[in-house]
Amino acid sequence: MKKKETQPEIELGLHIIEKTFSQKIEETKAKICDGALRSGNKVEYEGTVIVLGDLNAGAEVISGENVIVLGAIRGLAHAGASGNREAIIVANEIDAPQVRIADIVKEIEKAEIVEGEEEKTKKKRAYIKRSQIILE
């Protein structure tokens, strides 16, 4: 009988960051999640996490490097969870109450959307500049 192989437990997140660092993130290993992540789902990975769908409210993605979502982010997205301030978050729409990059947390307030200008007001990218998370 073959012994079942288990992957080592990964521990990422705000509570483990002792120091921050900057490391280019252009080349990375990635984990692909095929389909939307629903409430209660949690994905932790040392590299980049790519979600082929939405990150729904109540779902979590904690990545040591980047978070890329080919849908909307409504749940928790934490990029650079090992302390890397060069990490980014990219999605078709960021509609979450907060995003995290490295040790910085950004609370996002619901902006009033002017009728006909919805596409212009959607936030699609988050990154750190001068120790603050910028949403564009």
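The values are calculated or read from the model by the stated rules, or taken from the named source; none is laboratory data. Source: prediction; values computed, not measured. Note: ideal-geometry Cβ built from the backbone for every residue, glycine included; neighbour counts use all protein chains shown. Keep in mind that these areas ignore ligands, DNA and RNA; they rest on the heavy atoms of the full protein, side chains included. Shrake-Rupley method; radii C 1.70, N 1.55, O 1.52, S 1.80 Å.
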**Message:** Give me the mean projected area, in nm² to one decimal, of the convex hull enclosing the Cα positions of the range 23-78.
**Reply:** 3.3
**Message:** Place a point 7 Å from Cα of Glu46 in the direction of its Cβ. Which residues in the range 80-107 have their backbone N less than 18 Å from it?
**Reply:** 80-85, 87
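If you average the sequence gap of Cα pairs under 8 Å that are 6 or more apart and divide by the length of the range 16-111, what percent do you get for the contact order?
Working: 278 pairs, mean separation 22.8, N = 96.
Normalised by residue count, the contact order of the range 16-111 is 24 percent.
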**Prompt:** In whole percent, how big is the carbon plus sulfur part of the accessible area of the range 30-118, probe 1.4 Å, protein atoms only?
**Reply:** 45
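Rounded, prolate or oblate for the range 33-136? Axes are the square roots of the Cα gyration tensor eigenvalues, ordered a ≥ b ≥ c, and the cut-off for rounded is a/c under 1.5. Could you put the intermediate results ahead of the total?
Values: a/c = 1.89, a/b = 1.19, b/c = 1.58.
In terms of gyration-tensor shape, oblate.
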**Message:** Quick check: pseudo-label points 7 Å beyond the Cα along Cα→Cβ at Thr28 and Leu135, how many nm apart are they?
**Reply:** 2.0
